[in-house]
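The values are calculated or read from the model by the stated rules, or taken from the named source; none is laboratory data. As the structure is a computational prediction, the values presented were derived from the model and not from experiment. With ideal geometry, Cβ positions are generated from the backbone for all residues, glycine too; neighbour counts draw on all protein chains shown.
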Amino acid sequence: MSKKVCIIGGATTPFDYGPTGFESIEGGAAECVKETRADLPDFSLRDLDFMIYSHFSVHFGHQLAPEWIIHDHLGLVGLPHFRVENGGNTGGSALYAAALAIMSGHHDVIGIVGWETMDSVSQSQGSEFIAMASDTRYELMVGGIYPIYYAAMANKWMKDNNVTEEDVASIAVKNKNNAMDNPKAQWYRTEHRYITIDDVMNSKLISYPLKKYDCCLMSRGVAFVLVCSEEYAKKVNPDGYVTIDGMGLSSCTIRAGDRLNYPSWKERYGSGYPEMTEFGACRYSAEQAYKMAGITNPLKELDFGEIHDAFSTSEAQIYKALGLADTENIAQFIRNENTTMHGQIPMNPGGGLIGYGHPVGATGLMSTIECFYQLSGMIPKKHLSKETEVAGAECGIVNSHAGTGTSISNFILRRN
Amino acid sequence: MPQVIVMNKKKKKFAYEPNFTEKKDYRPAGVKEMGLSFVGHEISDDRLNMNQFLHYDQLYIIRHGWNSPFFIGLLDGKILGTRCPNCGDTWVPIRTHCWNLDCNLEKTQWVQMPLSAKVHTWTVAGWSGRSSLKRLPIILVYAVIGDSKVAIANELHGISPWDVEFGMPLEIVFKPKDERIGAITDFHFEPADGWKPSPMNKEKMRIKKLVEPVYEWVKTIK
């Protein structure tokens with residue numbers, strides 16, 4: 001029987017872009033740890049027995065093995081450490097690695113530090129760096145950036161599912177407006193305004209059907225999450241700890257065009273899935289996580305989620321992959337405002353990537369932290385009001401997502 | 001690839017060693033590898049923050065190895081695919097080993113593909129990476145070439161961005177021979193002969209409205 005995995009604390013720096021951030025990467029990590037320590041006075045850095053670092057692109061920092069700088073700076077020399085890199089799912093994958101280490105019983109208290117500094121190059125160069133996680137031999141020079149690949153997938157998905165530009169725009173509006181209650185969110189700190197569907201529809205074309213406000217933000221930011229055994233959780237945060245009751249990790253092709261007839265998907269789900277439109281790795285990893293957590297009806301049993309809205313369209317595609325809706329009712333599911341703060345299953349109350357920001361290596365951890373805050377009753381302390389609190393939430397889902405759906409993880413978190 | 005043992009006077013070699021004889025250099029004039037160099041800095045007026053500007057320029061060698069016939073094929077104006085001799089699955093982009101687990105990573109065979117394809121899905125880009133900005137707006141399609149089991153991404157030219165349709169027939173058009181570099185950009189798609197766009201509709205009007213400012217903006221890029 002594997003050991004129970006708990007989350008007992010965590011924090012991010014403010015997410016931002018350009019020279020307004022205060023931190024260096026190691027300084028930011030130190031501030032995240034200090035905020036976590038302020039929330040958890042009984043936690044000591046001496047209790048850590050493993051550190052996992054979560055960072056996507058060494059291109060941005062122009063520094064190989066930057067985790068060595070952070071680890072040293074935190075005073076942790078001697079502790080075992082390594083870095084996890086798995087595209088946009090780097091944060092989720094680092095959490096997965098930490099959970100495995102706790103489950104095995106080999107480690108007891110693990111810190112995860114994630115970060116990205118995407119403002120070290122121009123926006124268009126930064127987009128190109130990220131696109132180097134496409135197959136550069138075939139796709140980089142003809143697409144050039146990830147939003148184009150996502151737009152091509154979403155264009156067909158929206159036609160196949162009768163979802164309109166306005167439908168997905170409502171998701172971007174929701175997440176940016178949720179971010180207005182979150183002082184660390186990039187949208188709050190930069191553009192700082194409530195928007196409407198018209199604002200999204202009138203924002204400039206990125207790649208049809210995506211406009212600027214349908215897309216997440218490029219960011220700098222650091223995050224820290226504290227993962228541990230239940231014995232340690234009971235000692236340090238007996239009233240506020242959260243358990244990881246289910247988790248799943250799955251993969252799909254790097255080039256989206258290669259998944260049309262992929263044999264292993266055909267074997268698992270039959271012909272025609274995931275096509276170029278559905279996130280098969282999200283579906284399969286969610287199925288694993290649900291099974292482990294004993295969830296049979298996610299729409300009823302999940303209270304909320306923090307999911308990977310790199311684009312408004314991908315959030316909608318994720319709803320389907322998580323089994324919250326199907327081809328018949330996905331459009332109505334969005335129009336019924338099921339995922340707004342007053343809906344049945346609020347999604348991204350923290351603002352998501354569209355509102356909070358997307359410093360890749362920190363992103364999945366940010367989603368985890370927001371989910372943890374909700375379940376441990378910390379939202380009134382961390383957000384500006386209770387408007388983005390999912391009152392009485394018992395169970396949330398964290399979703400982390402890479403490539404064109406190339407690696408996806410899902411975690412079921414429950415209040416203790 | 002058979003293992004070739006080359007004997008020469010100096011020493012024995014135990015691996016195949018290609019002899020690169022056909023060389024071309026089309027590096028733009030004035031581009032030099034500088035390696036790492038700091039090229040400037042700025043300091044805030046309160047002297048609390050410093051930004052330093054680092055330039056890094058490095059030549060990479062992309063060794064195509066077993067995938068090379070595809071890229072050499074592009075230079076020759078051909079689209080080469082691969083096919084599994086066991087199950088018959090065919091691919092462009094190519095796979096040198098079969099993806100069917102029952103085929104046990106069977107080595108595939110090279111096949112010449114037709115220069116025709118069909119749109120699987122598409123988008124019209126109004127923003128892109130640094131190297132592509134001046135070509136905007138770009139129509140990117142994922143298209144299936146011949147009996148390939150996968151779709152390949154490339155640009156669609158010769159059509160207004162709002163006229164692209166799912167399932168439309170395409171032909172593959174190569175750049176003139178002397179402009180080819182053995183990269184995916186050596187070819188693009190164009191609508192097949194005789195294909196006519198459908199009449200203007202609401203979605204086409206919407207795309208037109210979104211794309212028009214892109215043409216204007218691109219004119220201002222230096």
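Determine, yes or no, whether A:Ser367 is modelled with pLDDT of 95 or more, small (Gly, Ala, Ser), crowded, with 24+ Cβ neighbours inside 10 Å and farther than 17 Å from A:Gly10 by Cα. Judged against the criteria, A:Ser367 is not a match.
Considering the conditions (1) of a type in the set (Gly, Ala, Ser); (2) within 11 Å of chain A (Cβ to nearest Cβ); (3) surrounded by fewer than 24 Cβ atoms within 10 Å (Cβ to Cβ), B:Ser160 is excluded by exactly one of them, (2).
Scanning the stretch A:290-306 for residues that are of a type in the set (Val, Ile, Thr) and within 17 Å of A:Ala316 (Cβ to Cβ) yields a count of 0. Out of contact with any Asp or Glu (no Cβ under 9 Å at 6 or more places or on another chain) and buried (at least 23 other Cβ atoms within 10 Å of the Cβ), is that true of A:Ser127? Yes, satisfied.
When B:Lys149, B:Lys175, B:Lys208, B:Lys202 are screened for being in contact (Cβ under 8 Å) with a residue 40 or more places away in the chain, among the basic types (Lys, Arg) and farther than 23 Å from A:Asp258 by Cβ, only B:Lys208 passes. Of the residues making up the stretch A:85-121, those that are under 17 Å from the mean Cα position of the chain (by Cα), buried (at least 24 other Cβ atoms within 10 Å of the Cβ) and either more than 23 Å from A:Asp309 (Cβ to Cβ) or of a type in the set (A, V, I, L, M) (or both) are A:Ala94, A:Leu95, A:Ala98, A:Ile112, A:Val113, A:Met118. Applying the criterion of at least 2 residues that are more than 8 Å from every other protein chain (Cβ to nearest Cβ), within 16 Å of A:Glu315 (Cα to Cα) and touching a residue at least 12 places away in the same chain (Cβ under 8 Å) to the helices (runs of 4 or more DSSP H) found wholly in the stretch A:110-183 leaves A:146-161, A:165-179. Applying the set (1) farther than 25 Å from A:Ile25 by Cβ; (2) buried (at least 22 other Cβ atoms within 10 Å of the Cβ) to A:Asp167 leaves exactly one unmet item: (2). The residues in the stretch B:15-73 that are away from every other protein chain (no Cβ under 11 Å), within 19 Å of A:Val121 (Cβ to Cβ) and of a type outside the set (Asp, Glu) can be counted, and the count is 9. Selection of the stretch B:189-217 for residues being outside any helix (DSSP H, G or I) and either within 27 Å of the chain's Cα centre (by Cα) or of a type in the set (D, E, K, R) (or both) yields B:Phe189, B:Glu190, B:Pro191, B:Ala192, B:Asp193, B:Gly194, B:Trp195, B:Lys196, B:Pro197. Evaluating B:Tyr142 against the criteria (1) within 8 Å of chain A (Cβ to nearest Cβ); (2) closer than 19 Å to B:Glu212 by Cβ; (3) part of a strand (DSSP E or B) leaves one unmet condition, (2). Is it true that A:Met276 is crowded, with 18+ Cβ neighbours inside 10 Å, assigned to a strand (DSSP E or B) and in contact (Cβ under 8 Å) with a residue 24 or more places away in the chain? No; evaluated as a whole, the condition is false for this residue. Among the numbered conditions (1) touching a residue at least 24 places away in the same chain (Cβ under 8 Å); (2) assigned to a helix (DSSP H, G or I), the only one that A:Arg83 does not meet is (2).
In the stretch A:331-359, of all residues being without any contact (Cβ under 8 Å) to a residue 12 or more places away in the chain and assigned to a loop (DSSP other than H, G, I, E, B), the one that is farthest from the chain's Cα centre (by Cα) corresponds to A:Asn336.
Of all residues in the stretch A:66-80, which are assigned to a loop (DSSP other than H, G, I, E, B) and without any contact (Cβ under 8 Å) to a residue 40 or more places away in the chain? If the condition is that a residue be assigned to a loop (DSSP other than H, G, I, E, B) and without any contact (Cβ under 8 Å) to a residue 40 or more places away in the chain, then A:Gly75, A:Leu76, A:Val77, A:Gly78, A:Leu79, A:Pro80 are the ones that fit.
Give A:Gly10, A:Gly28 a once-over and let me know the one that is among the small types (Gly, Ala, Ser), within 21 Å of A:Val236 (Cβ to Cβ) and touching a residue at least 60 places away in the same chain (Cβ under 8 Å). Of A:Gly10, A:Gly28, the one residue that is among the small types (Gly, Ala, Ser), within 21 Å of A:Val236 (Cβ to Cβ) and touching a residue at least 60 places away in the same chain (Cβ under 8 Å) is A:Gly10. Once the stretch B:163-188 is narrowed to residues that are in a loop (DSSP other than H, G, I, E, B) and more than 30 Å from A:Lys266 (Cβ to Cβ), the residue that is farthest from the other protein chains (Cβ to nearest Cβ) is B:Pro176. Checking the stretch B:99-117 against the condition returns no match, with no residue being in contact with a Leu (Cβ under 6 Å, 6 or more places away or on another chain) and assigned to a loop (DSSP other than H, G, I, E, B). The numbered conditions (1) among the charged types (D, E, K, R); (2) more than 14 Å from chain B (Cβ to nearest Cβ); (3) touching a Pro at 6+ places or on another chain (Cβ under 7 Å) are all true for A:Arg220 except (2). Does any residue of the stretch A:288-307 turn out to be outside any helix (DSSP H, G or I) and more than 19 Å from A:Ile412 (Cβ to Cβ)? For the stretch A:288-307, residues outside any helix (DSSP H, G or I) and more than 19 Å from A:Ile412 (Cβ to Cβ): absent.
Scanning the stretch B:21-41 for residues that are in a loop (DSSP other than H, G, I, E, B) and in contact with an Asp or Glu (Cβ under 6 Å, 6 or more places away or on another chain) turns up at least one hit.
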